[in-house]
Every structure is written in C-alpha cells, then in structure tokens.
Amino acid sequence: MIESVRTDDLRGVGIGVPRIVEFETGRVVSTSRPASPATNGAVDLPLADVPLRQVLGERLGVPVFVDNDANVAALAEAHDAELELVVAHLVLLTVGMGVAGGLVLGGRIYRGAWGAAGVLGHTILGLDLAGAVPKPMGFPQPGSLDFVASGHALDRLAAVAGRVHPESALARLRARGRPVLGADEIKAALDGDKSAARMVEVWGQRIGIGVANAIHTFDPQEVVIGGDAAGAGALLLEPARRVALEYVLPGLGARATIRLARHGENAGLIGAALLARCELEST
C-alpha cells in the first residue's frame, strides 16, 4: 500500500497498530488484546518480536516510525484541521470494542518507560472492598473502565433495554430474532427512541468517570472521547461531561475542555503521518 502511493519526495512513514509498542525498535510488545467473553478470544497480530521499524525502513528506504494506534490518534486530536498543534496537554479515550487511551503531554506523545502509558481502559473504577481484595478475574477485569464502558458494555445495555422495554425499537429488533447490539442502540437513540437514549446516557455517565480520572491524573487542557462513542454525539457527551465535572475536585476540571474527537475515523491515519513528521523534525 505504501509503495502504491509513494512519491519521490517521501521522507518517512508513520504506522499505528492496536498494540503496545516498544517505540525505539517498533517491536510489538503486547501481541493480542486480552480475551473477553464477548469476543470469544483474542484478536491476533503476528508481530511478536518483529522489529517492524527496522524491517520496513530497510524495505522502503526511508525512516519508519511505529506506535500504538491510540497514541497517534491522540496526536492527531492535538492538531487542528490545518494540522497545526493547538493543544499541548491532551488525553484521548477511544471507546470501541474496548477502551484505549492516548496521551499527548508537552506537545509530544507520552509513552512511559516501556511504551504502555495510556492503557486507561484497565484502570479500575470500582471494586467490592467490604472484605479482602477480590482475586483478579482476567481481562477486562470486572470494575474496570473497559468492562463497564466499552462497546461490549453498550451491547449488554442494549440487550437489557430490548428485554425490559417492550415498546422500544430495540425490543422490535429482538422480536425479529436479531441480536441487539450497541450500534443499534446508538442509531435508535439518535432516531428518538427514549429507552435507547437512556442507555446511551448511562454509557456516557460511565465514560464520564473515566474522564474524571484522566483529569485527576494528568490535569490536561482537553479530554477527547473518540471511537464508536463519538458517533452518539451530544447524547453521550453531555452526561459524560456532567458526571466528569461532578467527580473532579472543585476547580480542577473547570478549565479542561471535554469534547468529541474532531478527526473521526481518520484520526489514526492523520496521527500516523504526524508521528513521522514530528519525529523527522526533531532529529
């Protein structure tokens, strides 16, 4: 694909992959998403221990930079439509099949010591601590942001709405023998179905707790919600923003902007290109 569009002035290539990446070598450290009942296992990319940066760089003859896809999407969101950096401190929560995070701090991607910074979906929102700390139950852990606020969590909410609200659009889908999924819920909510809109509101409230945690941890200028969740628009953003501001320390989140992603599905592509541009400019 790169060869098919390359020109004589190609200076470098940026790539985003949905895995934890050792940035210096472009080697994938975490080769698969943790298994979950909803996916019946893990999604595999056969890149374990492949120094992707070196291999592709030798093949293409230009510098190659490889990073986590949420990191590069966060980099894109820190830039405006003219691809100018407009936000130096930003946290991206991308909510799709799972919940991932990307961090831009001081105008650059923050990766942590080993490339795993920003794995915000596995932060714990709540546990029953009446007694001893419960044993881990596999990923996503019950009580984690990924477990309660991912697209799979919305699927579960949609299924409940389809059962308990017999007059809803979701119940009609269920009556036809169709599985009721989160995408159906978002569409029904946007079309005015009250029960679907209520479930999207609950989903947004849960995401709002994750936003509050991001504000407490990083004190960013902006927290951006991307991925499939952004497709729900204001129906999700408003409860997420309201709950986030209720849960942060007084005054702490007052200056933070909480918004939906501006670059939509193209954020990863734009961010990968920006990654290459930024790295080339810094050398």
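Which residues, counting only those in the range 152-190, are free of Cβ contacts under 8 Å to residues at least 40 places away in the same chain, part of a helix (DSSP H, G or I) and open to solvent by less than 80 Å² (accessible area, probe 1.4 Å)? Ala159, Val160, Ala161, Gly162, Ala169, Leu170, Ala171, Leu173, Asp184, Glu185, Ala188 - these are the residues of the range 152-190 that are free of Cβ contacts under 8 Å to residues at least 40 places away in the same chain, part of a helix (DSSP H, G or I) and open to solvent by less than 80 Å² (accessible area, probe 1.4 Å). Of all the listed residues (Gly182, Gly138, Gly151, Gly162), the sole one being more than 21 Å from Leu92 (Cβ to Cβ), under 25 Å from the mean Cα position of the chain (by Cα) and at pLDDT below 90 is Gly138. Hey, among the residues in the range 62-94 that are touching an Asp or Glu at 6+ places or on another chain (Cβ under 6 Å) and not in a loop (DSSP other than H, G, I, E, B), which one's farthest from Gly233 (Cα to Cα)? Selected residue: Phe65. Within the range 237-261, the set of residues being assigned to a helix (DSSP H, G or I) and open to solvent by less than 30 Å² (accessible area, probe 1.4 Å) comprises Leu237, Pro239, Ala240, Val243, Ala244.
Open to solvent by 30 Å² or more (accessible area, probe 1.4 Å), touching a strand residue (DSSP E or B) at 6+ places or on another chain (Cβ under 7 Å) and either within 18 Å of Asp69 (Cα to Cα) or assigned to a loop (DSSP other than H, G, I, E, B) (or both): which single residue out of Ala113, Ala100 fits that description? Give the derivation first.
Numbers: Ala113 fails: touching a strand residue (DSSP E or B) at 6+ places or on another chain (Cβ under 7 Å).
Among Ala113, Ala100, only Ala100 is open to solvent by 30 Å² or more (accessible area, probe 1.4 Å), touching a strand residue (DSSP E or B) at 6+ places or on another chain (Cβ under 7 Å) and either within 18 Å of Asp69 (Cα to Cα) or assigned to a loop (DSSP other than H, G, I, E, B) (or both).
Among the residues here, Gly268 qualifies as buried (at least 19 other Cβ atoms within 10 Å of the Cβ) and either within 27 Å of Asp155 (Cβ to Cβ) or of a type in the set (A, V, I, L, M) (or both). Taking the criterion of being outside any loop (DSSP other than H, G, I, E, B) and of a type in the set (Lys, Arg), would at least one residue in the range 128-135 satisfy it? No, the range 128-135 contains no residue that is outside any loop (DSSP other than H, G, I, E, B) and of a type in the set (Lys, Arg).
For the range 201-236, a residue qualifies if it is in a helix (DSSP H, G or I), touching a strand residue (DSSP E or B) at 6+ places or on another chain (Cβ under 7 Å) and open to solvent by 10 Å² or more (accessible area, probe 1.4 Å), and the qualifying residues are Phe218, Asp228, Ala230.
The values are calculated or read from the model by the stated rules, or taken from the named source; none is laboratory data. The structure presented is a predicted model; accordingly, all values stated were derived computationally and were not measured. Note that we place each Cβ from the backbone using ideal geometry, even for glycine, and neighbour counts take in every protein chain shown. What goes into the accessible areas is simple: the full protein's heavy atoms, side chains included, and nothing from ligands, DNA or RNA. Shrake-Rupley method; radii C 1.70, N 1.55, O 1.52, S 1.80 Å.
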